[in-house]
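Only one structure is covered here, and it is reproduced in the block below.
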Amino acid sequence: MTPFFMKVWIMKKIFSALAVPAFVFLSLFASCSGGAGLSTYKFDFPVIDISDADADVSSVKTESRRLPSEPVQGKVKLYVEELLLGPESERLQPLFSLDSSVDFCFVRNESGKDVLYLGLSESSVYNLPPNADIQNRIAILRENIRKNFKNIEKIVLFIGDNFVNE
């Protein structure tokens, strides 16, 4: 091997030895730096209880997700859409059917109080487990929204054009 090719070979070895640690360091630095324009939100989902097939929701677990700070569709709507997508963990259940969608979502200030008007598609209540307690799942939905958006004092919920009492 000529001296020139020996130098090239040595440089390749040095580069490959340093490239992987540098990449790992930079990716860790980027993930720890908080990510520009992202906010952390909490999502509660029902735990799948394998021991009791007739039980619907015995407990809930919380997942954290990082979402854009200034989404085009609005923070609340993005949050609800993410909530409808379901959990990331396999041990948790989605609140509603996976083909659910948000028909409308907006916040109005009424008498000094922020009121959320939320309309979910009619398909939200289809394809749920036979033992699913819809009222319990709606309560978890409301609690999720209240935990993440402290300014919202009242939630007016519609599922498939039907008003849902609190």
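The values are calculated or read from the model by the stated rules, or taken from the named source; none is laboratory data. What you are looking at is a predicted structure, and each value in this text was computed from that prediction instead of being measured. All Cβ positions, glycine included, derive from the backbone under ideal geometry; neighbour counts span all protein chains shown. Accessible surface areas use protein heavy atoms only, side chains included; no ligands, DNA or RNA. Shrake-Rupley method; radii C 1.70, N 1.55, O 1.52, S 1.80 Å.
Amide H contacts under 5 Å for Asp103: Gly119, Leu120, Ser121, restricted to partners 5 or more places along the chain or on a different chain, H placed in the peptide plane at 1.01 Å from N. Residue separation of Val115 and Arg91 scaled by 0.36 nm, minus their Cα-Cα distance, works out to 5.4 nm of gained length. One decimal place: the segment Ser59-Leu38 gains 4.7 nm when fully extended, by the rule 0.36 nm per residue minus the C-alpha distance. Listed by chain and number, the aspartates and glutamates whose alpha-carbon sits under 19 Å from that of Lys75, ignoring those within fewer than 8 places in the same chain, are Asp44, Glu63, Asp103, Asp114, Glu143, Glu153.
Estimated at the nearest 10 Å², the accessible area of Glu81 is 60 Å² with a 1.4 Å probe.
When the alpha-carbon atoms of region 93-153 are used, the pair Rg, Dmax equals 13.1, 41 angstrom. The gain in end-to-end length when the Gln73 to Ser123 segment is fully stretched comes to 15.9 nm, 0.36 nm per residue minus the alpha carbon separation. May I ask you to list the residues of region 111-130 whose amide nitrogen lies under 20 Å from a point 7 Å from Cα along the Cα→beta-carbon direction of Lys150? From region 111-130, the list is 112-116. Extents of region 33-166, taken as max minus min of Cα coordinates on every principal axis and listed largest first, are 43, 42, 23 Å. Taking amide hydrogens as placed 1.01 Å from N in the peptide plane, the amide H of Glu63 sits under 5 Å from those of Phe43, Asp44, Phe45, each at least 5 positions away in sequence or on another chain.
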